Amino acid sequence: MFSTITSATISGMNVILVQVEVDVSQGLPCLMMVGYLSSAVKEAGERVRVALKNSGISIPPVRITVNLSPADVRKEGTSFDLPIAVGMLQSLGHVKEDALSDTMIAGELSLDGKVNAIKGILPLVRKAKEMGIRRCLVPEENKAEGDVIEGIDVIGVISLQEALIYLRGEKIDRISEKKKVRHKKGKLLPDFSEISGQTAAKRAVEIAAAGFHNLLLVGPPGSGKTMIAKRIPGILPPLTREECLEVSTLYSISGLLNSEETLITKRPFMSPHHTVTAKSLIGGGLIPKPGVISLAHKGVLFLDEMTEMSNSVLDMLRQPLEDKRVNIARVGGNYTYPADFMLVGAVNPCPCGYYPDMSRCRCNHAAIVKYQNSISGPIMDRIDLCAEVPQISMKELVNKVEGESSASIRSRVIAARNRQKERYKGRGYDFNAGLTAKDIGRFCPMEERERKLIEQAFERFKLSARGYYRILRVARTIADLDGSEKIEEIHLSEALGYRVEGNQYWE
């Protein structure tokens with residue numbers, strides 16, 4: 001007999017439907033699997049055979065051929081165990097053909113017949129719904145994750161025997177009581193009101209959050225750079241439903257979702273150690289998977305001690321910062337992951353950290369220049385704002401005055417973001433950081449006085465074309481925070497003050 005079971009495989013962010021074809025015929029007893037399979041998928045044959053035996057199902061001495069179609073797409077992972085087993089059961093007459101109509105199946109099998117959790121259930125169920133499939137049979141541990149997608153039935157099973165009972169139309173009667181899934185309560189985000197002083201740095205952070213600009217915080221050790229960076233997610237607008245699903249898909253593919261947290265609802269904040277490797281940061285590996293920059297999608301990538309990171313690793317951020325995605329090429333195919341994040345870096349101005357306070361700085365001029373040049377020019381050219389975070393005085397610490405709350409700052413950021421979304425509707429981007437050179441003239445109107453100011457700055461600071469557009473984008477965000485349709489001189493002057501070259505700590 002012949003049977004076909006619908007399953008799926010993940011290639012990058014794409015989900016490809018796979019037809020698991022099983023043919024049982026007379027001949028030399030064997031189990032042959034074909035269809036461009038990885039070693040993990042090839043091993044499924046032995047797992048399925050033993051799982052069926054230990055589930056009380058005997059396989060007669062027949063020839064079994066399993067094909068995973070399309071055959072030109074490489075199949076990875078262990079999610080094909082359950083559909084292969086169900087296909088064999090149908091071909092052997094244990095399951096009726098109509099029981100599997102409009103059904104997608106995915107899951108890994110243990111040798112005792114238990115169905116284990118797999119990665120990527122969220123995008124699989126989402127794809128099934130898009131293709132008009134009515135239900136998905138998945139591991140019980142993944143059911144809560146699949147239930148995030150509305151409009152499709154997600155059935156969780158804990159064993160192969162339970163899957164067989166369900167497909168026969170019988171009621172599942174579990175011995176153990178099913179535990180109620182409790183969604184993980186998100187931790188309260190740290191608040192900007194807890195930070196003493198640093199008014200200028202907070203202003204720069206507000207501008208960066210409003211326009212989704214990249215930001216560099218420069219200052220001596222202990223001045224509060226990390227504290228400020230950790231509070232940025234608290235002033236960003238909430239994720240939309242579509243953004244939640246997109247971010248959660250990345251986490252699902254990486255195996256970072258669980259029954260307690262089935263949907264990412266808050267902006268990601270990723271802070272890798274400065275010894276992070278290129279593969280961990282960008283993504284890749286023998287079986288490619290998303291890196292840290294993709295896990296920071298729609299959120300914040302915070303690089304503390306940025307000058308201590310490897311130059312080769314930092315320079316790999318060039319293309320993702322421009323294209324908002326990362327492309328990984330392998331012999332088995334090309335994989336693309338989104339990487340639309342807000343880069344926030346924190347650096348000391350010199351190796352000892354106290355330049356330009358020469359009474360405390362122990363570094364010579366050559367050491368300072370070498371240290372600051374450890375971040376390449378192309379990366380610095382992609383940073384929109386540079387903010388000073390000076391040392392806090394004793395007076396500010398003792399006479400601590402509660403600063404403006406994150407909620408208050410967030411309200412202004414959301415108002416500015418709404419203006420941008422309305423302005424750029426239908427143009428392929430939502431924020432000023434994405435404003436193209438072609439649209440700069442249309443959306444950054446200036447009078448003669450402002451034009452002269454930017455011309456003088458271009459000549460004086462020898463700005464690159466990217467640097468010129470960067471200043472205009474930041475000025476556009478400052479104008480949006482002020483509720484102004486035009487970029488005025490005060491907005492342009494403030495934007496020029498956030499140049500890296502204008503920072504007193506930077507050579």
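The values are calculated or read from the model by the stated rules, or taken from the named source; none is laboratory data. Every value quoted in this text rests on a predicted model; they were computed, and no experiment measured them. Note that each Cβ is placed from the backbone with ideal geometry, even for glycine, and that neighbours are counted across all protein chains shown. Surface accessibility is based on the protein's heavy atoms, side chains included, excluding ligands, DNA and RNA. Shrake-Rupley method; radii C 1.70, N 1.55, O 1.52, S 1.80 Å.
Could you list all residues from the stretch 378-396 that are in contact (Cβ under 8 Å) with a residue 24 or more places away in the chain and out of contact with any helix residue (DSSP H, G or I) (no Cβ under 7 Å at 6 or more places or on another chain)?
M380, I383, C386, P390, Q391, I392, S393, E396
If you go through the stretch 439-497, how many residues are within 23 Å of L321 (Cβ to Cβ), of a type in the set (A, V, I, L, M) and open to solvent by 40 Å² or more (accessible area, probe 1.4 Å)?
Within the stretch 439-497, residues that are within 23 Å of L321 (Cβ to Cβ), of a type in the set (A, V, I, L, M) and open to solvent by 40 Å² or more (accessible area, probe 1.4 Å) number 1.
Among the residues of the stretch 123-134, count how many are touching a residue at least 24 places away in the same chain (Cβ under 8 Å) and open to solvent by 40 Å² or more (accessible area, probe 1.4 Å).
5
Residues being surrounded by 12 or more Cβ atoms within 10 Å (Cβ to Cβ) and either among the small types (G, A, S) or touching a helix residue (DSSP H, G or I) at 6+ places or on another chain (Cβ under 9 Å) (or both): count how many of those fall in the stretch 419-428.
5
Take the stretch 363-374 and flag every residue that is part of a loop (DSSP other than H, G, I, E, B) and modelled with pLDDT of 90 or more.
Residues satisfying the conditions are C363, N364.
Just to be sure I understand the filter: pairs with C-beta atoms under 9 Å, separated by 6 or more residues or on different chains, first member in the stretch 348-367 and touching a residue at least 60 places away in the same chain (Cβ under 8 Å) and among the small types (G, A, S), second member open to solvent by 60 Å² or more (accessible area, probe 1.4 Å) and assigned to a loop (DSSP other than H, G, I, E, B). Which pairs pass?
Cβ pairs passing all conditions: G353/G222; G353/R360.
If a residue has to be open to solvent by 40 Å² or more (accessible area, probe 1.4 Å), of a type in the set (S, T, Y) and in contact with a helix residue (DSSP H, G or I) (Cβ under 7 Å, 6 or more places away or on another chain) to count, how many in the stretch 52-77 make the cut?
Selection size over the stretch 52-77: 0.
Please specify each residue of the stretch 392-411 satisfying the condition of being exposed (fewer than 15 other Cβ atoms within 10 Å of the Cβ) and part of a loop (DSSP other than H, G, I, E, B).
Listed by number, the residues that qualify are S393, N399, K400, V401, E402.
If we scan the stretch 88-103, do we find a residue that is under 27 Å from the mean Cα position of the chain (by Cα) and either at pLDDT 95 or above or over 24 Å from K289 (Cβ atoms) (or both)?
no
Return yes or no: is M227 of a type in the set (A, V, I, L, M), under 25 Å from G12 (Cα atoms) and surrounded by fewer than 23 Cβ atoms within 10 Å (Cβ to Cβ)?
no
Search the stretch 145-168 for residues being free of Cβ contacts under 8 Å to residues at least 24 places away in the same chain and among the hydrophobic types (A, V, I, L, M, F, W, C), and hand back the single one that is surrounded by the most Cβ atoms within 10 Å (Cβ to Cβ).
This residue is I155.
Evaluate the following for P349: is it assigned to a helix (DSSP H, G or I) and touching a strand residue (DSSP E or B) at 6+ places or on another chain (Cβ under 9 Å)? Give the derivation first.
Working: assigned to a helix (DSSP H, G or I): no; touching a strand residue (DSSP E or B) at 6+ places or on another chain (Cβ under 9 Å): yes.
When the stated conditions are applied, P349 does not pass them.
Hey, any hits in the stretch 296-317 for a residue that's of a type in the set (S, T, N, Q), closer than 25 Å to T436 by Cα and in contact with a helix residue (DSSP H, G or I) (Cβ under 7 Å, 6 or more places away or on another chain)?
No, every residue in the stretch 296-317 fails to be of a type in the set (S, T, N, Q), closer than 25 Å to T436 by Cα and in contact with a helix residue (DSSP H, G or I) (Cβ under 7 Å, 6 or more places away or on another chain).
Kindly provide the set of residues from the stretch 1-21 that are under 37 Å from the mean Cα position of the chain (by Cα) and of a type outside the set (S, T, N, Q), ordered by number.
Filtering the stretch 1-21 down to residues under 37 Å from the mean Cα position of the chain (by Cα) leaves 4-21.
Residues satisfying the conditions are I5, A8, I10, G12, M13, V15, I16, L17, V18, V20, E21.
With respect to S196, determine if the residue is among the polar types (S, T, N, Q) and either at pLDDT 95 or above or closer than 28 Å to G146 by Cβ (or both). Quick ask: steps written out before the conclusion?
Working: among the polar types (S, T, N, Q): yes; either at pLDDT 95 or above or closer than 28 Å to G146 by Cβ (or both): no.
So S196 fails the test.
Kindly indicate which of L256, L321 is assigned to a helix (DSSP H, G or I) and open to solvent by 10 Å² or more (accessible area, probe 1.4 Å).
When all the criteria are applied, what remains is L321.
Of the residues that sit in the stretch 44-70 and are among the small types (G, A, S) and in contact with a strand residue (DSSP E or B) (Cβ under 9 Å, 6 or more places away or on another chain), which one is nearest to A8 (Cα to Cα)? Give the derivation first.
So in the stretch 44-70, the residues among the small types (G, A, S) come out as 44-45, 51, 55-56, 58, 69.
Then keep just the ones that are in contact with a strand residue (DSSP E or B) (Cβ under 9 Å, 6 or more places away or on another chain); that gives 44-45, 51, 55, 69.
Numbers: A44: 15, G45: 17, A51: 21, S55: 25, S69: 10 Å.
Step by step, filter the stretch 44-70, then rank; the result is S69.
Being surrounded by 22 or more Cβ atoms within 10 Å (Cβ to Cβ) and closer than 24 Å to A204 by Cβ is true for just one of I293, I282. Which residue is that? Before you say what the answer is, go through the steps one by one.
Values: I282 fails: closer than 24 Å to A204 by Cβ.
Step by step, each of I293, I282 is checked, and only I293 is surrounded by 22 or more Cβ atoms within 10 Å (Cβ to Cβ) and closer than 24 Å to A204 by Cβ.
Give the stretch 7-51 a look and list any residue that's open to solvent by 30 Å² or more (accessible area, probe 1.4 Å), under 30 Å from P290 (Cβ atoms) and not in a helix (DSSP H, G or I), or say none.
I10, S11, M13, N14, I16, L17, Q19, M33, V34, Y36, E43
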